[in-house]
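A.B. asks: One structure, as structure tokens, below. Some questions next.
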Amino acid sequence: MRFYPAEITKWMWQCENYGLSWRYYSEKPRFVGAVGIDLEFLERGYRFGYRYTSSWETVGDELKETRRYEFYKRKINSIMLPLVWQPHFYLVKNRLRVFIEAALVLSYNLSSQYEYEDGKKPGGTYEWKVPRDNRFGYGLAGGAGFALLFGQVEVGFKARYHFGYSDILKNRNKYYSNSTDGDENPFYYSPLRSPMDNLNFSLTVGWRFNKRGFNEWFVVRPKKEKPLKTFNFSEQTGANKGGSSNRNSMGARH
């Protein structure tokens, strides 16, 4: 999560994601790669240091503060719709496909849960409020991966980083009721910006409906025609010499 103004946050790990993907491979050699669309269910979230306690100690001639934060954790269940462009190349006799990818991502937040890690406040289901929360989102994504090809079966691994542009929370200019909310809202003031990023790793299993598989590398390109006549410098030099002697002999007859 990228709050503005900046807040103390931590990554959340061990979130689930799964979904379906469709890719189209161009048959024309000049278009190396694939385009496609994904439909994913993705768990994502953030941890926010909502309060802290301070301790002080003297280091040299300076008094140093150490802060210990207590964290609020929120998990968001989202439907993600990435529109993907995936350039790639083949290795190991076309048995290994290595790719990078870029995507425009649309999302919809289905539900959410929250908890306070110190246990001092109860957690539960996050109550969505239209004036406070954004369900729809958008952003960009980029990643890389590889896939092993076994006939029409493709087994792979990829990593993708989602870079959010939309805000999870509407800013304080649009929402003023933080003081009257329940425990689901840990903010005294709503952040001005709250886009969410996430990094996910995926194992993929695919089936190529085209029985021939990806044949881009097997397209026979027309061969360049060889020139009909080559320039021979030695023959041209001999012809020039012969022409010079004829002209000299003709001049002698006069």
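Please treat every number below as a calculation from the coordinates, not as lab data. Predicted model only: the values in this text are computed from it and were never measured. As a convention, Cβ positions derive from the backbone with ideal geometry for all residues, glycine included, and neighbour counts pool all protein chains shown.
A.B. asks: Which residues, counting only those in the stretch 185-206, are of a type outside the set (A, V, I, L, M, F, W, C) and in a loop (DSSP other than H, G, I, E, B)? Steps first, answer last, please.
C.D. replies: As a first pass, look at the stretch 185-206 and keep what is of a type outside the set (A, V, I, L, M, F, W, C): 185-186, 188-191, 193-195, 197-198, 200, 202, 204, 206.
Once the filter is applied, which keeps residues that are of a type outside the set (A, V, I, L, M, F, W, C) and in a loop (DSSP other than H, G, I, E, B), the stretch 185-206 yields N185, P186, Y188, Y189, S190, P191, S194, D197.
A.B. asks: Now, a different point. If you take just the strands (runs of 3 or more DSSP E) that sit entirely in the stretch 38-144, which of them hold at least 2 residues that are under 20 Å from M1 (Cα atoms) and hydrophobic (A, V, I, L, M, F, W, C)?
C.D. replies: Values: elements: 62-86, 88-91, 96-116.
Passing ranges, in order: 62-86, 96-116.
A.B. asks: Turning to a different aspect of this structure: Only residues in the stretch 159-184 that are in a loop (DSSP other than H, G, I, E, B) count as the first member; pair them with residues that are of a type in the set (G, A, S), Cβ under 6 angstrom, at least 6 apart or cross-chain, and list the lot.
C.D. replies: Y165/G139; S166/G137; I168/S194; N171/S190; R172/S190; Y175/S190
A.B. asks: Now, a different point. Give the residue, chosen from P122, P131, P87, that is in contact with a Gly (Cβ under 6 Å, 6 or more places away or on another chain) and either among the acidic types (D, E) or surrounded by fewer than 15 Cβ atoms within 10 Å (Cβ to Cβ) (or both).
C.D. replies: From the options P122, P131, P87, the qualifying one is P87.
A.B. asks: List pairs: first in the stretch 133-149 and in contact (Cβ under 8 Å) with a residue 60 or more places away in the chain, second part of a strand (DSSP E or B) and buried (at least 19 other Cβ atoms within 10 Å of the Cβ), Cβ under 9 Å, 6+ apart or cross-chain?
C.D. replies: Correct list of pairs: L149/R97.
A.B. asks: Report the residue count in the stretch 145-154 for those that are at negative phi and not in a strand (DSSP E or B).
C.D. replies: 1
A.B. asks: Here's a follow-up. Tell me, which residue of the stretch 52-96 that is charged (D, E, K, R) and within 25 Å of N198 (Cβ to Cβ) is farthest from the chain's Cα centre (by Cα)?
C.D. replies: E70
A.B. asks: Can you name every residue in the stretch 92-116 that is out of contact with any Ser or Thr (no Cβ under 7 Å at 6 or more places or on another chain) and buried (at least 16 other Cβ atoms within 10 Å of the Cβ)?
C.D. replies: R97, F99, E101, A103, V105, S112, Y114, E115, Y116
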